[in-house]
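Before any comments, here is the structure.
Nothing in this text is a laboratory measurement; each read-out follows from the coordinates by a stated rule. No experiment lies behind these values; they were computed from the predicted model shown. Here the Cβ is made from the backbone with ideal geometry for all residues, glycine too, and neighbour counts use every protein chain on show.
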């Protein structure tokens, strides 16, 4: 799944930069792998990063609510919207338009 999901990132223009420090041996090994794959080090790093992000983005954006927080969210969602002048005007307009 990650390769297909990562493709969306790889199809975007490379319009930003990332500078990072890493162990020499890690860079050398990454260069070796990239060379074997016929890629530049940049291409390889971006591909690996895109795959990792594609795999983890959903869980990073999940809400993890306690039971108490879930109950509070449901209470708020179930409560009627507060009545405002704009809501009353919209209701009257809808009643005239749709004959409700």
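Among the residues of segment 8-46 satisfying the criterion of being in contact (Cβ under 8 Å) with a residue 24 or more places away in the chain and surrounded by 13 or more Cβ atoms within 10 Å (Cβ to Cβ), which is farthest from the chain's Cα centre (by Cα)?
It comes out as 46.
Can you spot a residue in segment 57-66 that is within 22 Å of the chain's Cα centre (by Cα), over 21 Å from residue 4 (Cβ atoms) and surrounded by 10 or more Cβ atoms within 10 Å (Cβ to Cβ)?
Looking for residues that are within 22 Å of the chain's Cα centre (by Cα), over 21 Å from residue 4 (Cβ atoms) and surrounded by 10 or more Cβ atoms within 10 Å (Cβ to Cβ), one finds at least one in segment 57-66, hence yes.
For segment 50-93, which positions are in contact with a helix residue (DSSP H, G or I) (Cβ under 8 Å, 6 or more places away or on another chain) and free of Cβ contacts under 8 Å to residues at least 24 places away in the same chain? Give the derivation first.
Of the residues in segment 50-93, the ones in contact with a helix residue (DSSP H, G or I) (Cβ under 8 Å, 6 or more places away or on another chain) are 50-55, 65, 81.
Across segment 50-93, the qualifying residues are 65, 81.
Would you be able to say whether some residue in segment 69-77 is surrounded by 10 or more Cβ atoms within 10 Å (Cβ to Cβ) and under 22 Å from residue 4 (Cα atoms)?
No, segment 69-77 has no match at all.
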